[in-house]
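See structure below.
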Amino acid sequence: MKPVHAQIYLAPMEGITTYIYRNAQAAVYGRLDKYFTPFLEPHEKRSFKKRELQEILQENNKGLFVVPQILTNRAEGFLELSASLYDMGYREVNLNLGCPSRTVVSKGKGSGFLAFPEELDRFLDTVFQGLAGNMPGMRLSVKTRLGMESPEEFPELLKIFGKYPLEELIVHPRVQKDYYNHRPDREMFRYARKESPAPLCYNGDLFTGEDVEAFLTEFPETDRMMLGRGLIRNPGLAAGELTEEERKERFRRFHGLVLNGYREWDMGDRNVLFKMKELWFYQIRQFADAEKLGKKIKKAQTLAEYEETAEQLIYEKHMVPA
Ligand SMILES: Cc1cc2nc3c(=O)[nH]c(=O)nc-3n(C[C@H](O)[C@H](O)[C@H](O)COP(=O)(O)O)c2cc1C
């Protein structure tokens with residue numbers, strides 16, 4: 001893909017966009033403009049679980065613009081967690097109003113919160129007052145879907161968002177019940193561009209350089225976009241045009257950094273194996289004719305077997321351009 005003028009953010013992806021991942025991505029392909037953490041939830045007793053703390057420690061995110069994401073529908077919990085993040089030096093947090101998973105939605109959180117616009121309005125009111133009163137300079141952005149059932153819910157939600165000084169509004173233009181099916185509703189995104197006082201960031205189904213370029217042709221005024229699965233498929237998606245040799249060399253380096261990072265994470269070989277396999281679900285599409293080796297990776301029982309197969313795949317198979 002040609003270099004683009006818009007800022008590019010890495011989407012939060014639970015279990016995938018860890019600090020190990022973002023550091024490897026930045027080291028090999030160049031820093032993206034922002035990295036959103038997978039969602040953190042407020043806890044009753046202590047502020048962070050060990051894994052969550054690792055994600056947000058400044059020493060694990062040196063030189064990266066990291067935005068911690070919070071999933072909750074309780075303003076007090078949101079503010080407590082934000083205060084802990086503030087003490088650690090963070091000046092921007094993101095509210096998750098997009099997660100479509102049933103367990104989250106049934107508790108009225110993530111995109112489930114979109115079904116309760118009045119409560120959401122009260123929540124934002126309390127949160128913005130709390131931030132202004134106790135955390136000077138703390139900014140808040142929102143990552144949202146269009147609604148629960150129908151895009152017709154979105155205009156009312158946009159009106160609510162418009163009442164508050166959001167740092168930015170990141171829109172994944174699907175509704176909860178779509179999960180990841182159907183095409184993102186670009187017309188609703190266009191509507192949001194007209195109606196939202198907050199800067200808008202698009203997210204959804206930009207998998208390849210061509211997708212990004214087509215999006216920029218359709219929305220030439222775009223100054224920021226968030227990429228998820230496309231960047232996991234090809235971590236060099238935003239790194240400019242590279243030769244195949246360069247792509248391979250970089251991907252080999254990137255893969256090694258991620259693998260070693262997880263090995264050092266003290267999670268046990270089985271979990272490292274699981275994490276690497278999860279990445280290949282996306283990464284395999286960068287390679288041509290790699291189904292057989294892809295299957296072998298899926299079936300690998302030991303890390304040694306995994307590593308040998310992954311190296312063979314990277315060495316032997318053609319990499320398609322970004
Ligand atoms: C495995 C997985 C985990 C995700 N975890 C989160 C999350 O923690 N917080 C969030 O806001 N979105 C999460 N998402 C949604 C992505 O951030 C993004 O909105 C979605 O993948 C659409 O963008 P894309 O088409 O560029 O991938 C997740 C998506 C996937 C596939």
Candidates ARG186, ARG233, ARG270, ranked by Gaussian network fluctuation over the chain, Cα under 10 Å, top entry: ARG270
To the nearest 10 degrees, how steeply does helix 19-29 sit against the main Cα axis of the chain, on a 0 to 90 scale? 60
Tell me, what is the percent relative contact order of the chain, built from C-alpha pairs under 8 Å that lie six or more residues apart? 18
Cut-off under 21 Å on the C-alpha distance; same-chain residues fewer than 8 positions from LYS159 excluded. Which lysines are left, in chain and number order? LYS109, LYS143, LYS194
List, in the order given, every pair from LYS275/LYS295; LYS62/LYS298; LYS50/LYS298; LYS50/LYS299; LYS45/LYS275 whose Cα-Cα distance in the structure shown is over 25 Å. LYS62/LYS298; LYS50/LYS298; LYS50/LYS299; LYS45/LYS275
The chain: Cα Rg divided by the 2.2 N^0.38 Å rule of thumb: 1.01
How much mean residue ellipticity at 222 nm does the chain get from its helices, if each DSSP H run of length 4 or more adds -39500 (n - 2.57) and you divide by all residues, to the nearest 500 deg cm²/dmol? -13500 deg cm²/dmol
Residues meeting the amide H criterion for CYS201 (H placed from the backbone, H to H distance under 5 Å, 5 or more places apart or on another chain) are LEU169, ILE170, VAL171
Quick one: check the C-alpha center-to-center distance for segment 237-285 versus segment 1-30, whole angstrom. 12
Rounded to whole Hz, the Karplus (6.51, -1.76, 1.60) HN-Hα couplings of segment 264-272, x for glycine and proline: 7, 7, 6, 10, x, 4, 4, 6, 4
Just to confirm the filter: which trypsin sites (Lys or Arg not before Pro) across segment 1-64 are DSSP coil and have at most 12 other Cβ within 10 angstrom of their Cβ? LYS45, ARG46, LYS49, LYS62
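We did not get these values from a lab; they are worked out from the coordinates using the rules stated. The structure displayed is predicted, hence computed values, not measured ones. Here Cβ is always computed from backbone atoms with ideal geometry, including for glycine, and neighbour counts include all displayed protein chains.
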